[in-house]
1. Given the residues A:141, A:164, A:157, A:178, which is the only one that is closer than 24 Å to residue B:123 by Cβ, of a type outside the set (Gly, Ala, Ser) and assigned to a strand (DSSP E or B)?
2. Quick one: count up the residues across the stretch B:199-226 that are within 16 Å of residue B:17 (Cβ to Cβ) and part of a strand (DSSP E or B).
3. Filtering the stretch B:204-242 down to residues that are among the hydrophobic types (A, V, I, L, M, F, W, C) and surrounded by fewer than 18 Cβ atoms within 10 Å (Cβ to Cβ), which residue is farthest from residue B:24 (Cα to Cα)?
4. Within the bounds of the stretch A:15-35, is there any residue that is outside any strand (DSSP E or B) and within 13 Å of chain B (Cβ to nearest Cβ)?
5. Collect the residues in the stretch A:177-216 that are of a type in the set (S, T, N, Q) and in contact (Cβ under 8 Å) with a residue 12 or more places away in the chain, keeping them in residue-number order.
6. In this structure, is residue A:104 within 13 Å of the chain's Cα centre (by Cα), under 30 Å from residue B:136 (Cβ atoms) and β-branched (Val, Ile, Thr)?
7. If I ask for residues that are small (Gly, Ala, Ser) and in a strand (DSSP E or B), which ones from the stretch B:36-62 would you list?
8. Look through the stretch A:82-129, keep the residues that are among the acidic types (Asp, Glu) and surrounded by fewer than 21 Cβ atoms within 10 Å (Cβ to Cβ), and return whichever of them is nearest to the other protein chains (Cβ to nearest Cβ).
There are 2 protein chains.
Amino acid sequence: MCQLLGMNCNSPAAISFSFEGFSARGGRTDEHKDGWGIAFYKDAVCQLFTDHLSSITSPLAERIKRNPIKSTNIIAHIRKATQGPVVLENSHPFMRELWGQHWTFAHNGDLKSFHPPGEGRFHPVGETDSERAFCYMMDQLRERFAEYATTPPLSALFDTIAELAHEIGQHGVFNFMLSNGAVLFAHCSTNLHYVARAFPFSTARLIDCDLSIDFSQHNHRDDRMTVIATKPLTSNETWTAFRPGELKMFAEGQIAAHAAPLARNRPASMQLEPHLTTASLAHA
Amino acid sequence: MCQLLGMNCNSPAAISFSFEGFSARGGRTDEHKDGWGIAFYKDAVCQLFTDHLSSITSPLAERIKRNPIKSTNIIAHIRKATQGPVVLENSHPFMRELWGQHWTFAHNGDLKSFHPPGEGRFHPVGETDSERAFCYMMDQLRERFAEYATTPPLSALFDTIAELAHEIGQHGVFNFMLSNGAVLFAHCSTNLHYVARAFPFSTARLIDCDLSIDFSQHNHRDDRMTVIATKPLTSNETWTAFRPGELKMFAEGQIAAHAAPLARNRPASMQLEPHLTTASLAHA
């Protein structure tokens, strides 16, 4: 298995604090030492760093801790290999271009029985079940929205991703994060938590390192962010567990939509958060 | 305009020495300071680093100089913006997946009049003529080799890339490098040079920095590499200029094929180097 970390903000923020605790799990406080990676979005553009080394020994990880990159959407991953050897091409997140956007994806779980036909446009470069699932999702999005030259409305996109998550989730454990730089999708099969931070900001303390941060010193009154992780990263904040089968879409630092676990053969039904309308989402 | 740097080797080698001189041109010895990037291949897998900062001020460039990544195929670029602002998404090299391989591309030149229909599968994320040309090439390769589930034979690929280079080159200056990790294609419109290094290795001296290296201390008898650059990087080696319109394919550290400038309306004709056969290329 692996662990996931994501952040969605309404203005660019650094993930250094969370990443410090998260990356400790890549060999120091936990056993996810078979590679790591992190994707930072600047608007719709992704800067991706992956490495086959562990996050506690990688010079690249060290650089990212020391030179924080501010971003509105971030997806990070530490790997414990289940399928595919410990090599660069099997390190998450994976990236593909669709509709002129960089899409990135990271997975925690195991999809041993998932073998899509692989006749689509997107093909895995590495040997993981995760990249196979990602390529399948990208192919399905492209096919189902074939009439769109640019990104389809987020509400339709959300429904389709909920359906795909449900379909692929039938084959195993499928906790994942997916982003196009505008929004961040997070799906839970077994294990995923989130914490929202907004004014008034308080002090948070990491579980994996002896490190605290006073967020009120680093944020403005209007700043808003949500951090999502396989397991809570801080000991004194309220992390909420996703329900198994749940998909959430984060935009502007908060939950923009969520879909309850799908019943078989029933179309997804998106629930918009009260503060958002489908029209506002289309511009997210 | 911009400048290009590429390296193709028969066993993984560091580009630190050449990159030291090349990156100095990103604001110190020359004016290409509007972003930079470098793609390293480990087999068919690419690790890509891009930045909107200049190569002489970027902490990422500094890290790459200090922690050399050994690779068999490398493409680097320093940008002087002609089309599109100085932002991350306009920094070369660009990357796309095709046939389960990472393809990377960097361009020096200007293609103001090149506006393909853009109805294909690959879409630019940024605003450069360069990424537009790259996406068009990827689309054309995919369409022309639609019957292939994996990479087509290199000889056919070479012919098609020669045709495309000629076609796009009608719209302006189109010096480029393109790689899939197995081979490196280099096309010259106006300005491109290469130098081959093999046993017995000698000492090389950079033009842009006060730095020399004795390659005999860093290489084995069987090592072989070719470095390709817009302008020669060393003062005491024999750099060969490409002819305008010429495409070369490098494999295993040396020229594997070259195509002379194409006459209009005439199919490309590849000339294989004597030491290579089409069959051997198919396994490169």
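The values are calculated or read from the model by the stated rules, or taken from the named source; none is laboratory data. This is a predicted model, so every value here is computed, not measured. A quick note on method: Cβ atoms are made from the backbone with ideal geometry, for glycine too, and the neighbour counts reach across all protein chains shown.
1. A:178
2. Residues in the stretch B:199-226 being within 16 Å of residue B:17 (Cβ to Cβ) and part of a strand (DSSP E or B): 9 in total.
3. Step by step, filter the stretch B:204-242, then rank; the result is B:241.
4. Yes; the residues of the stretch A:15-35 include at least one that is outside any strand (DSSP E or B) and within 13 Å of chain B (Cβ to nearest Cβ).
5. A:179, A:180, A:189, A:190, A:191, A:202, A:203, A:216
6. Criteria met by residue A:104.
7. Result: B:37, B:39.
8. If we take residues in the stretch A:82-129 being among the acidic types (Asp, Glu) and surrounded by fewer than 21 Cβ atoms within 10 Å (Cβ to Cβ), then A:119 is nearest to the other protein chains (Cβ to nearest Cβ).
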